[in-house]
Amino acid sequence: MKKLMGLGIGLLAVTALAGCGTSEAKTSANKELNVTMVGNPATANPAISGDSNSSSLISQTEEGLYTLNENGKVIAGVAEKVVKPTKNGTVYTFKIKKNAKWANGDAVTAQDFVTSFDWQVNPKSKSQVANKLKYLKNYAAIQAGKKDASALGVKALNKSTLQLTLSKPQPWLPDILATAAYPVKTSLFKKVGGSQYGTSAAKTLSEGPYKLVGWSGAADSWSYVKNTNYWNAKNVKISKVNVQVVKDPGTSASLFKSGKVQETTLSGQYIKQNANNPELKTTLNSSMRFLEFNDKKTVTHNTKVRQAFSYVVNRTALTKSVLQDGSSAAKSLITYGDGNDPTTGKDFSQDVGNLLSYNPKKATQLWNQAKKELGIKKASLELLTADTDEQKHVAQYLQQQAQKYMPGLSITIKSMPLAQQIAKGAAGNFDIDLDGWTTDWRDPADFLQMADGTSSVNFTKWNNAHFTKLMTQVDNTAKYTTQQRWNLLKQADTYVTKQAGLVPLYQQAKAHLVSKSVGGLKYSMMSDAQYKYAYWK
């Protein structure tokens, strides 16, 4: 997703950072930037990356056919230019820049994209982001095991020419090509094997602005070192970025205040404490947090149980009193800013309206009805969450509310590193999962597919025939007009929210402290800052 189930940046011991502080003796040409990340990346392999921490790492070290400029606009990356599709919007042909090179000096080839995309949709990869390429020709047949991955609509016409063939038009494809579709080094991929590629810095290769250095796969610190072979290296001003995982926002704030880091992520009370700090940058994120209920387990399969959980959540209190970080109460499964009505221009979330409400009396009523249907008087459920400060506080609030208004229910919180949480979720090894999704492009379907029974990122295994039919219609961009598709998206959002296929909680905000001595770090709903644009003032 991007299971962007965490924020994008942060922990290492304070003592380890002491040696990375800024030095008066250093010039701006070799002065190192020190930053944090809130959790450990699961992989450096772009073909399978499904968590926010991995996506953050990959976005700094890799570059797709397209990339984002400093203001978040799609521009040409390793492709020579942003191309116009042919054959009714279904065929894209790209020329790769002659000076696009991997960190070892080898040329980036069309085959490197073919290798990556083929592995991403190959069922053997178990990629959680395979469906980002679902509009490529033969995707469905490959996922179903009816065709080999080599049949995917991606072809190297020659060493530097790549052609993508879609099964139907995909107007938002440029966003994906800029933020979520990267090449892999074919020769290294073949040498180490698909399951090992990206498990450490030694088993991956970068072709973006920075090389990945010192990441072991479980390390709490590593570096991004300027890739001198990057085609646009002359415009990368900072030669080295030191990254540390800092899960505790108090530690993050202390490290920033002491000057040991120049960019860090804050949450909760620390955002409130820094409200008047001119170095605080707060942006609403294109990320929705929600509860997933395992549909394969008896209690959580019950619709009334899921609906009861939705009614016990006071989303305003959750965002204003618990999170205190600028996050916004969910109104449906779709974030604000994720699309506009093609006729009126109205934002999707405003067009659908508020589908969620706080009603503890209704929650108790539904829960009691569910107990009768299930033939039980008590139930014990485990709530799975990441081990971040933010998620722990949210989980505690949910535990308190559910146990208060759903008599006979006992909730146990199980917190763990994000990568482990994702693995358990993907394996269906949970009762309730406090999860989330951050979209790479402005289209509500990216959130809605989280509840689609045919989707690889549907961890709940909720498989509702009516909802799946709606999503099949939404995907048929060749049959339905843009306005018809918009109306189908509204129907799907309303249905899944009312049925509590997923229970939306809040749209995440991201808050960063950025040193006044650093320029070029900008944040938008769709992207975090890119260090290739950073510079010392």
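The values are calculated or read from the model by the stated rules, or taken from the named source; none is laboratory data. Source: prediction; values computed, not measured. We place every Cβ from the backbone using ideal geometry, glycine too, and count neighbours over all the protein chains shown. Surface areas here come from the heavy atoms of the whole protein model, side chains and all, with no ligands, DNA or RNA. Shrake-Rupley method; radii C 1.70, N 1.55, O 1.52, S 1.80 Å.
Filtering region 61-78 to residues that are of a type in the set (Val, Ile, Thr) and closer than 17 Å to Trp172 by Cβ leaves Thr67, Val74, Ile75.
Listed here are the residues, each with its yes/no results for (1) farther than 26 Å from Gly428 by Cβ; (2) surrounded by fewer than 16 Cβ atoms within 10 Å (Cβ to Cβ); (3) touching a helix residue (DSSP H, G or I) at 6+ places or on another chain (Cβ under 9 Å); (4) of a type outside the set (A, V, I, L, M).
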residue	(1), (2), (3), (4)
Tyr270	yes, no, yes, yes
Gln273	yes, yes, yes, yes
His301	no, no, no, yes
Ala330	no, no, yes, no
Asp341	yes, no, yes, yes
Asp347	yes, no, no, yes
Pro360	yes, no, yes, yes
Leu366	no, no, yes, no
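Taking the numbered list (1) outside any loop (DSSP other than H, G, I, E, B); (2) open to solvent by 60 Å² or more (accessible area, probe 1.4 Å) in turn, Thr228 passes all entries but (1). Quick check on region 195-218. Is at least one of its residues open to solvent by less than 20 Å² (accessible area, probe 1.4 Å), outside any strand (DSSP E or B) and on the phi > 0 side of the Ramachandran plot? Among the residues of region 195-218, at least one is open to solvent by less than 20 Å² (accessible area, probe 1.4 Å), outside any strand (DSSP E or B) and on the phi > 0 side of the Ramachandran plot, which makes the answer yes. In region 386-412, the residues that are within 14 Å of Val322 (Cα to Cα) reach residues that are among the acidic types (Asp, Glu) and open to solvent by less than 40 Å² (accessible area, probe 1.4 Å) with C-beta atoms within less than 9 angstrom, at least six apart or across chains, in these pairs: Glu390/Asp325.
A residue that is in contact with a Leu (Cβ under 7 Å, 6 or more places away or on another chain), among the acidic types (Asp, Glu) and buried (at least 22 other Cβ atoms within 10 Å of the Cβ) cannot be found anywhere in region 516-529.
Which one of Gln473, Gln499, Gln484 is touching a Leu at 6+ places or on another chain (Cβ under 6 Å) and either surrounded by fewer than 20 Cβ atoms within 10 Å (Cβ to Cβ) or closer than 14 Å to Ile334 by Cα (or both)?
Gln473
Among the residues making up region 161-191, those that are over 14 Å from Lys137 (Cα atoms), open to solvent by 40 Å² or more (accessible area, probe 1.4 Å) and at pLDDT 95 or above are Ser187, Lys190, Lys191. Of the numbered conditions (1) buried (at least 18 other Cβ atoms within 10 Å of the Cβ); (2) within 21 Å of the chain's Cα centre (by Cα); (3) more than 24 Å from Lys81 (Cα to Cα), Lys126 satisfies every one except a single condition; which is it? Tallying (1) buried (at least 18 other Cβ atoms within 10 Å of the Cβ); (2) within 21 Å of the chain's Cα centre (by Cα); (3) more than 24 Å from Lys81 (Cα to Cα), Lys126 fails exactly one: (1).
Examine region 239-249 for a residue that is more than 24 Å from the chain's Cα centre (by Cα) and either of a type in the set (Val, Ile, Thr) or open to solvent by 70 Å² or more (accessible area, probe 1.4 Å) (or both), and state whether such a residue exists.
Residues of region 239-249 that are more than 24 Å from the chain's Cα centre (by Cα), as a first pass: 239-240.
Among the residues that remain, those that are also either of a type in the set (Val, Ile, Thr) or open to solvent by 70 Å² or more (accessible area, probe 1.4 Å) (or both) are: none.
Scanning region 239-249 turns up no residue that is more than 24 Å from the chain's Cα centre (by Cα) and either of a type in the set (Val, Ile, Thr) or open to solvent by 70 Å² or more (accessible area, probe 1.4 Å) (or both).
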